Amino acid sequence: MATLGVNIDHIANVREARQTIEPDPVPMAFLAELGGADGITVHLREDRRHIQNRDLRLLKETVKSRLNLEMAATKEMKDIALKTLPEMVTLVPEKREEVTTEGGLDVFSKKNVLKPLVKELQKVEIKVSLFIDPDHQQIHTAHEIGASFIELHTGAYAEAKWEEQPFELAKLKESTAMARSLGLRVNAGHGLTYQNVEAIAAIEGIEELNIGHTIISRAIAVGLKEAVSEMQSLIKNPRVERLFGE
Ligand code: PXP
């Protein structure tokens, strides 16, 4: 059965929209763990649009499950990973102009850069995963350059119209089986929702699903009523005396 890595980037997105201190992804990671997260995933982007270096530092100290750092294959990020030592690094492609990670990493054309990077990270016991499309050439190359994990991009499945979804699902199943036969361990994620996750969770051989947007959206949906009610009770019953001694 697949485990669940919760991506908490969107919590930091809300904080950064106001450049303030709340919501803080660090205590929220603890709540995600209380809810049963098997791991916490964050993407430290080059432009620091959501997760900050400080978040990563504190998460490394406080996460009790497993910390998975998504990052681009750059020198800056490599140095941060070697200093932070997360349980896992997932290498992803990164474009400044994209809203979220768009396609998988082209490990075939970048193998000369990726191979030494994978080795360097593994030397300090960081597990390395490559976020790739369900494509034979990419899977073979991931194996060839020595990664122990791949994360299969489920975006095409998630975005497919219903009549195309069985085809995308079959591709993910077949890619998982192929990767496993090479000895690779397989995670998957991107675009998974409460509506489409079950078929992916049922694929034999997938170890972990990384899910972010839909969980944070659901957290707003299930938490908003209580949040408004707490604010209303402060407005209706202000505790001014307690605060200012009046
Ligand atoms: N896996 C990877 C490699 C990602 O880049 C992302 C998005 O940051 C996810 C999983 C989670 O995707 P979503 O937010 O759509 O669940």
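Details
- On the stretch given as segment 1-33, residues that are of a type in the set (S, T, Y) and either touching a His at 6+ places or on another chain (Cβ under 9 Å) or surrounded by 15 or more Cβ atoms within 10 Å (Cβ to Cβ) (or both) total 1.
- Annotation note: Cβ proximity below 7 Å between a residue of segment 167-182 that is polar (S, T, N, Q) and a residue that is part of a helix (DSSP H, G or I) (sequence gap 6+ or interchain) occurs for S175/I139.
- Residue count, segment 170-195 (criterion: assigned to a helix (DSSP H, G or I) and either more than 16 Å from the ligand (Cβ to nearest atom) or surrounded by fewer than 18 Cβ atoms within 10 Å (Cβ to Cβ) (or both)): 9
- Residue ID - nearest to the ligand (Cβ to nearest atom), chosen from residues in segment 150-168 that are more than 27 Å from I8 (Cβ to Cβ) and assigned to a helix (DSSP H, G or I): Q165
- The listed residue being away from the ligand (no atom under 14 Å from the Cβ) and under 14 Å from the mean Cα position of the chain (by Cα), out of A17, A12, A29: A29
- Candidate set from segment 196-217 (those that are within 13 Å of the ligand (Cβ to nearest atom) and assigned to a helix (DSSP H, G or I)); member that is nearest to L152 (Cα to Cα): I200
So that you can scan it fast, the table gives a plain yes or no per residue for (1) of a type in the set (K, R); (2) buried (at least 21 other Cβ atoms within 10 Å of the Cβ); (3) over 18 Å from V118 (Cβ atoms); (4) within 15 Å of the ligand (Cβ to nearest atom):
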position: G35; (1), (2), (3), (4): no, no, yes, no
position: V42; (1), (2), (3), (4): no, yes, yes, yes
position: Q52; (1), (2), (3), (4): no, no, yes, no
position: D55; (1), (2), (3), (4): no, yes, yes, yes
position: T62; (1), (2), (3), (4): no, no, yes, no
position: S65; (1), (2), (3), (4): no, no, yes, no
position: D79; (1), (2), (3), (4): no, no, no, no
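- Selection within segment 169-190 - in contact with a His (Cβ under 7 Å, 6 or more places away or on another chain) and within 26 Å of D9 (Cα to Cα): H190
- Counting residues in segment 218-236 that are in contact (Cβ under 8 Å) with a residue 12 or more places away in the chain, under 20 Å from the mean Cα position of the chain (by Cα) and within 16 Å of the ligand (Cβ to nearest atom) gives one or more.
- Residue in segment 98-120 that is within 16 Å of the ligand (Cβ to nearest atom), loosely packed, with under 14 Cβ neighbours inside 10 Å and part of a helix (DSSP H, G or I) present: no
- Yes/no for K83 being of a type outside the set (G, A, S), open to solvent by 40 Å² or more (accessible area, probe 1.4 Å) and touching a residue at least 12 places away in the same chain (Cβ under 8 Å): no
The values are calculated or read from the model by the stated rules, or taken from the named source; none is laboratory data. All figures in this text were calculated on a predicted structure; none of them were measured in a lab. Backbone-built Cβ (ideal geometry, glycine too); neighbour counts: all protein chains shown. The accessibility values were calculated without ligands, DNA or RNA, using every heavy atom of the protein model including side chains. Shrake-Rupley method; radii C 1.70, N 1.55, O 1.52, S 1.80 Å.
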